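Read the structure below first, then the notes.
The values are calculated or read from the model by the stated rules, or taken from the named source; none is laboratory data. Remember, it's a predicted structure, so these values are computed and weren't measured experimentally. Cβ: placed from backbone, ideal geometry, glycine included. Neighbour counts: every protein chain shown.
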Amino acid sequence: MLTVDIHTHILPPHLPRWADKFGYGGFVELAHEQPGCAHMMIDGKFFRAVEMNCWSAEKRIEECEACGVCVQVLSTVPVMFSYWTKPEHGYEVARFLNDDIAEAVRKYPRRFIGLGTLPLQAPELAVRELDRCVKELGFRGVQIGSNINGANLNTESLLPVFQRAEEIGAAIFVHPWEMFGKNELSQYWMPWLVGMPAETTRAIVSLIFGGVLEKVPQLRIAFAHGGGSFPATIGRIEQGFRCRPDLCAIHNTVNPRDYLRRIFVDALVHDARALQYLLDVMGSDRVALGTDYPFPLGETEPGSLIRSMNLPQAVQEDLLFRTACNWLNVKPEELE
């Protein structure tokens with residue numbers, strides 16, 4: 001069966017020394033320790049070890065063949081968003097990363113679909129790069145972070161980016177990053193285990209209560225990690241909307257529960273009961289396979305949870321490729 005993984009991350013094999021070029025620190029460098037292994041470093045400090053499947057298109061295809069994934073949707077590693085940089089520098093970083101993804105897609109157009117990254121600290125530059133990603137590089141959309149330097153996604157200056165994405169038919173994938181409370185949650189990997197689901201919910205609720213999704217009703221927007229804790233806490237969110245409209249319904253009077261059928265999420269929830277719940281409340285046409293490849297917190301064997309649940313054929317098809325194709329606005333036969 002055609003299988004499309006909407007949530008995978010990729011890096012260039014080599015990164016410029018942006019700190020030297022721009023005159024300040026905070027940038028990721030890639031230190032190749034030995035063949036097939038590199039360390040992501042920030043200002044000389046170890047951040048994460050990565051293997052060649054993080055930058056080698058050929059290695060990715062080899063591993064996809066082994067696990068039955070036909071197409072990967074490529075997006076940068078969120079730490080590369082670089083929203084904190086000066087606008088012109090963030091723009092240069094984004095263009096470099098997007099050009100690298102475009103090269104992988106150009107080389108293997110049947111195996112990869114590209115999502116760009118944008119310098120969202122400068123919305124005018126972000127719109128410019130969004131246009132380039134779609135019109136010149138042939139990407140189906142972009143990946144963005146769950147907040148922009150601490151500001152929620154309903155920040156007024158970001159609306160033109162969402163409006164342009166809707167206008168040109170670009171899909172948006174929202175990935176959590178810079179989780180709020182990360183300093184207080186520093187033990188036990190809690191920023192990733194606790195902070196990420198909450199951070200994704202922050203993004204969704206901001207877009208709903210901020211009225212953004214009402215202003216861009218045709219925007220195809222997906223959220224990582226099963227939508228974080230949003231689907232599981234929708235009852236509490238809805239109750240807050242009902243009992244304190246003076247606090248929650250200031251900018252949007254639509255029930256937040258209605259958006260369960262208006263957004264997309266990936267299926268990366270690691271639990272059959274949680275996935276069944278997503279299917280029950282959102283429908284299989286809103287949930288797509290996503291693995292967080294090639295990182296260890298993702299699904300080790302792509303699609304294994306879906307295939308283990310004895311789901312009807314039509315539901316499996318939705319999860320493995322049809323929902324992804326609808327979100328990306330691509331026909332399944334184009335990928336076969």
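Residues are listed down the side, and each one gets a yes or a no for (1) basic (K, R); (2) within 18 Å of the chain's Cα centre (by Cα); (3) closer than 21 Å to L289 by Cβ:
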site: K135; (1), (2), (3): yes, no, no
site: N149; (1), (2), (3): no, yes, no
site: W177; (1), (2), (3): no, yes, no
site: S186; (1), (2), (3): no, no, no
site: E199; (1), (2), (3): no, yes, no
site: G228; (1), (2), (3): no, yes, yes
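In the set S146, S157, which member is hydroxyl-bearing (S, T, Y), crowded, with 21+ Cβ neighbours inside 10 Å and either at pLDDT 95 or above or farther than 20 Å from A224 by Cα (or both)?
None of the other options fit; the residue is S146.
Tell me which of these V93 doesn't satisfy, since it passes every other one: (1) buried (at least 22 other Cβ atoms within 10 Å of the Cβ); (2) touching a strand residue (DSSP E or B) at 6+ places or on another chain (Cβ under 9 Å).
Evaluating V93 over (1) buried (at least 22 other Cβ atoms within 10 Å of the Cβ); (2) touching a strand residue (DSSP E or B) at 6+ places or on another chain (Cβ under 9 Å) leaves (2) as the failure.
Conditions first: (1) farther than 27 Å from D285 by Cα; (2) over 20 Å from the mean Cα position of the chain (by Cα); (3) hydrophobic (A, V, I, L, M, F, W, C). F96 passes all but one, so which condition is the exception?
It is condition (2) that F96 fails.
Residue-by-condition table, conditions (1) assigned to a loop (DSSP other than H, G, I, E, B); (2) surrounded by fewer than 19 Cβ atoms within 10 Å (Cβ to Cβ):
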| residue | (1), (2) |
| --- | --- |
| A165 | no, no |
| N183 | yes, yes |
| W189 | no, yes |
| G195 | no, no |
| A232 | yes, yes |
| R236 | no, yes |
| H251 | yes, yes |
| R257 | no, yes |
| V269 | yes, no |
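To keep it simple, each residue is scored yes or no on (1) in contact with a Ser or Thr (Cβ under 6 Å, 6 or more places away or on another chain); (2) of a type in the set (A, V, I, L, M).
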position: L193; (1), (2): no, yes
position: A203; (1), (2): yes, yes
position: L207; (1), (2): no, yes
position: P217; (1), (2): no, no
position: R220; (1), (2): no, no
position: G228; (1), (2): yes, no
position: P231; (1), (2): no, no
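Would you be able to say whether some residue in region 52-63 is closer than 21 Å to G145 by Cβ, within 22 Å of the chain's Cα centre (by Cα), among the small types (G, A, S) and buried (at least 16 other Cβ atoms within 10 Å of the Cβ)?
no
Residues being over 16 Å from A203 (Cα atoms), among the basic types (K, R) and touching a residue at least 60 places away in the same chain (Cβ under 8 Å): count how many of those fall in region 218-276.
So the count comes out to 0.
Check off (1) in a helix (DSSP H, G or I); (2) β-branched (V, I, T); (3) within 19 Å of the chain's Cα centre (by Cα) for V281 and give me the number that stays unchecked.
(3) is the only condition that V281 fails.
Name, by its number, the condition in (1) touching a residue at least 12 places away in the same chain (Cβ under 8 Å); (2) part of a helix (DSSP H, G or I) that does not hold for I172.
It fails just one condition, (2).
Is it true that some residue in region 33-47 is assigned to a strand (DSSP E or B), acidic (D, E), more than 24 Å from C133 (Cβ to Cβ) and without any contact (Cβ under 8 Å) to a residue 40 or more places away in the chain?
yes
Filter region 287-306 for residues that are of a type in the set (V, I, T) and either closer than 15 Å to R60 by Cβ or at pLDDT below 95 (or both) and give the result.
T291, T300
So, in region 284-299, exactly how many residues are among the hydrophobic types (A, V, I, L, M, F, W, C) and either part of a loop (DSSP other than H, G, I, E, B) or free of Cβ contacts under 8 Å to residues at least 24 places away in the same chain (or both)?
So the answer is 3.
Of all residues in region 107-131, count the ones that are touching a residue at least 24 places away in the same chain (Cβ under 8 Å) and under 24 Å from C67 (Cβ atoms).
8
Would you check if C37 is surrounded by fewer than 19 Cβ atoms within 10 Å (Cβ to Cβ), closer than 21 Å to A224 by Cβ and of a type outside the set (V, I, T)?
no
Considering only residues that are within 13 Å of A267 (Cα to Cα) and either assigned to a loop (DSSP other than H, G, I, E, B) or touching a residue at least 40 places away in the same chain (Cβ under 8 Å) (or both), which ones fall in region 318-329?
Residues satisfying the conditions are L319, L320, F321, T323, A324.
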